[in-house]
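Reviewing the structure listed below.
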Amino acid sequence: MCAAYKVPFLDLTGVHAELEEELVTVFRRALRTSGFVGGPEVEQFENEFARFCDVDHCVGVSSGTDALRFALVAAGVEPGEVVVTVPNTFIATAEAISQAGALPRFVDIEERTYNMDVERLADYLGTRCIPEGGNGRPVDKETGKVVKAIVPVHLYGQTAEMDPILELAERHNLTVIEDACQAHGAEYFSKKENRWRRAGSMGRAAAFSFYPGKNLGACGEGGAVTTNDPELAQKIRMLRDHGQAKKYYHEMEGYNGRLDAIQAGFLRIKLKHLSEWNGKRRQAAGRYRELLGTDSHEVIQPYEPDWTRAVYHLFVVRVAQREEMMQHLALAGVGTSIHYPIPLHLQNAYQHLGYRPGDFPVAEKVASEILSLPMFPGLTRDQQNIVIAQLLTSGMEAANRERYEAA
Ligand SMILES: *Cc1c(COP(=O)(O)O)cnc(C)c1O
């Protein structure tokens, strides 16, 4: 089916063809040394990715989900505590929270950036919590549980509004763990520090995913935690390896959550190209904007405030007749996707959290309109012309049909 697409939603084959010889060399070296888990490739990748993210420490783990879960546990989130995040994200964000034993609570997103609405966060901490419950930390009124941490998600490759989030966290004695799984290399301009800061360097720790389709993807699964806190990094090294600091001496119960050497080797090769690939994604985003123009009211384009530099993991537009639009594009050979069709609070998996439709109106509204267009570094101008031409004709058809039906 993919082969039928003139413009696939995501095409990783170009990049892998270009790097094939180098990638195969990594595999051959691993075979010949039988070094599959841990070892120098992992350590070197960790050092290089730490430098890329502008942090002191990086710990490679087996996935982004594990990265987030280990970061929460290592930062001291205890079973029964609340961790606040957003409802429009990949389910892994909430899974990591509940699998760390904590309770996910949501705050709505901001309609233009699709990231955590800092006013809703302030409102949650100020009015839906008893402000100074345990240890100066807020206590969630509805559940009676202590709020311990906030997980802002840098969705679609654009950072959340971190200054106010960090300020609220400081005021309420909360830990911030960034979900940077879609934001390798994204930047945020901190007014407070008067400098650009990299995604993954702003919270107490951050989680990255190297799932193949991410901006930096392995040829399999992988993830990493970044932090400037040496003790937290050490704890994560133990958590990923059955809680051991020394072989068979277990300080705590941990997990099997290591990054394997072959993936680390692949990631080292790809990391050298990441800035260039992110640049190409930004360029493609610029071309989409140009092609859409400023007067196509039917298509809401991504909003990139001047305090953020997005790396366009996804290029997400909003359209009224989303399902028809998707179908029209598919018939024209254009692959699209939806990130994400159902906000987490309305997923079957989270019915027990007790949320109802209407609880997060912005996330709910946006979920019915968002459409992710093809986006990857090798996307060509010709392919983008096709996407936008089809998008605009479909919009016109829909508008005409509405007019016709109304008459
Ligand atoms: C991909 C992703 C994750 C999970 O990463 P995995 O490596 O697939 O476990 C978590 N959060 C967000 C926002 C993601 O996009």
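The numbers here are math on the coordinates, done by the rules we state, and not lab data. Note that this is a predicted model, so its numbers are computed, not measured. Note: ideal-geometry Cβ built from the backbone for every residue, glycine included; neighbour counts use all protein chains shown.
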Please give me the summed charge of the neighbours of Asn88: other residues whose Cβ is under 14 Å from its Cβ, Lys and Arg +1, Asp and Glu -1.
-4
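How much of the DSSP bridge set in the chain is antiparallel, in percent, rounded to the nearest 5? Walk me through the intermediate numbers first.
Working: 30 of 44 bridges.
Beta bridges within the chain, antiparallel portion: roughly 70 percent.
Determine the calculated [θ] at 222 nm for the chain from helices alone, applying -39500 (n - 2.57) to every DSSP H run no shorter than 4 residues and normalising by the residue count; nearest 500 deg cm²/dmol. Each step should come with its number before you reach the end.
On the way: 11 runs with 159 residues, N = 407.
Taken over the chain, the calculation gives -12500 deg cm²/dmol.
According to the square roots a ≥ b ≥ c of the eigenvalues of the Cα gyration tensor, what is the shape class of region 13-270, taking rounded for a/c under 1.5, prolate for a/b larger than b/c otherwise, and oblate for the remainder?
Numbers: a/c = 2.24, a/b = 1.57, b/c = 1.43.
Taking the square roots of the gyration eigenvalues as a ≥ b ≥ c, region 13-270 is prolate.
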Pair-distance profile P(r), taking every C-alpha pair of region 153-272, with 10 angstrom steps and integer %
13, 36, 34, 16, 1
Among the lysines, select those whose C-alpha is under 16 Å from the C-alpha of Lys247, and discard any that sit fewer than 8 residues away in the same chain.
Lys235
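Given Cα pairs under 8 Å that are at least 6 residues apart, what percent is the relative contact order of region 274-406?
Details: 137 pairs, mean separation 44.9, N = 133.
Result for region 274-406 is 34 percent.
Need one number: convex hull volume per residue for region 274-406, Cα atoms only, in Å³. Intermediate values should be presented prior to the final figure.
On the way: hull volume 20.4 nm³, N = 133.
Expressed per residue, the convex hull around the Cα atoms of region 274-406 is 153 Å³.
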Length-normalised contact order for the chain - Cα pairs under 8 Å, 6+ apart - percent:
21
With the alpha-carbon atoms as the only input, what is the per residue convex hull volume for region 141-219 in Å³?
105
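For Ser190 and His16 in the same chain, what is the full-extension length gain: residue separation times 0.36 nm, less their Cα-Cα distance, in nm? Provide the component values of the computation, followed by the final result.
Values: separation 174, 0.36 × 174 = 62.64 nm, distance 3.57 nm.
Using 0.36 nm per residue and subtracting the Cα-Cα distance, I get 59.1 nm.
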